Amino acid sequence: MMKAFEIKLATMSHVDLLSDMVVAFRDQLGRESPTNEEFNASIRALLTKGDADFLMAVASDGSAAGFVQLRYRYSMWLSANEACIEDLFVVPNQRRQHLGTTLVEHALERAVEKGCASAVVDTNERNIPAIRLYSRLGFSSSSGHWDAGNQLWLRKRL
């Protein structure tokens, strides 16, 4: 039987539950770091600083099935805030129930509430399920500039 989930804005009282999901995400990616303790401290710091939100899918029994993390920044090109979907994760046994879509839809609503004029996300070109999800929700990698070329989100670790 499929559980019903409520989408909740995470608070400090949700840190341990959220940290458990982030660790499951890390493990799914085959990574060993950051440590559980580092994730817990990072989540606390992000919630305290106020430029990030976590939305979680939580069942009536208190179990969590997924989360989406939003980060906010001011863009001079938009003269407004922009939301970045930094992470989206649904626990494996709760997938294929549209929780990812529901979490992103709620994240976009939250971004509007926070005054954001756009939302961005980066994902790997081989992550076809993510590309399909974001495309269904109106995200696009093509640009009206540069002869409609694809936008790339490049990263360099410092």
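The values are calculated or read from the model by the stated rules, or taken from the named source; none is laboratory data. As the structure is a prediction and not an experimental result, all values here were calculated from the model. As a convention, Cβ positions derive from the backbone with ideal geometry for all residues, glycine included, and neighbour counts pool all protein chains shown.
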Counted residues, the stretch 1-12 - those being at pLDDT below 95 and outside any strand (DSSP E or B)
4
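From Thr102, Thr48, Thr123, grab the single residue that is in contact with a helix residue (DSSP H, G or I) (Cβ under 6 Å, 6 or more places away or on another chain) and hydroxyl-bearing (Ser, Thr, Tyr).
Being in contact with a helix residue (DSSP H, G or I) (Cβ under 6 Å, 6 or more places away or on another chain) and hydroxyl-bearing (Ser, Thr, Tyr) holds for just one of Thr102, Thr48, Thr123, which is Thr123.
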Just a yes or no: is a residue in the stretch 5-28 aromatic (Phe, Trp, Tyr) and over 15 Å from Asp87 (Cβ atoms)?
yes
In the list Leu70, Leu46, which residue meets the criterion of being under 12 Å from the mean Cα position of the chain (by Cα), under 20 Å from Ser13 (Cα atoms), at pLDDT 95 or above and not acidic (Asp, Glu)?
Leu70
Restricting the stretch 78-101 to residues that are surrounded by fewer than 18 Cβ atoms within 10 Å (Cβ to Cβ) and of a type in the set (S, T, N, Q), the one nearest to Ile128 (Cα to Cα) turns out to be Thr101
Within the stretch 40-57, does at least one residue satisfy the condition of being basic (Lys, Arg), without any contact (Cβ under 8 Å) to a residue 24 or more places away in the chain, assigned to a helix (DSSP H, G or I) and closer than 24 Å to Trp153 by Cα?
no
Only residues in the stretch 15-27 that are in contact (Cβ under 8 Å) with a residue 60 or more places away in the chain count as the first member; pair them with residues that are aromatic (Phe, Trp, Tyr) and part of a helix (DSSP H, G or I), Cβ under 8 angstrom, at least 6 apart or cross-chain, and list the lot.
Val22/Phe39
Six or more apart or on different chains, Cβ under 6 Å: which pairs go from a residue in the stretch 119-142 that's closer than 25 Å to Ser79 by Cα to one that's exposed (fewer than 11 other Cβ atoms within 10 Å of the Cβ) and modelled with pLDDT of 95 or more? Could you list them?
none
Please determine whether any residue of the stretch 105-121 is hydrophobic (A, V, I, L, M, F, W, C), over 11 Å from the mean Cα position of the chain (by Cα) and surrounded by fewer than 18 Cβ atoms within 10 Å (Cβ to Cβ).
yes
Out of the residues in the stretch 132-146 that are closer than 20 Å to Leu108 by Cα and not hydroxyl-bearing (Ser, Thr, Tyr), which is surrounded by the most Cβ atoms within 10 Å (Cβ to Cβ)?
Leu133
Can you give me the number of residues within the stretch 86-134 that are under 18 Å from Leu70 (Cα atoms) and assigned to a helix (DSSP H, G or I)?
19
One residue from Ser75, Ser63, Ser19 being hydroxyl-bearing (Ser, Thr, Tyr) and either at positive phi or crowded, with 16+ Cβ neighbours inside 10 Å (or both)
Ser19
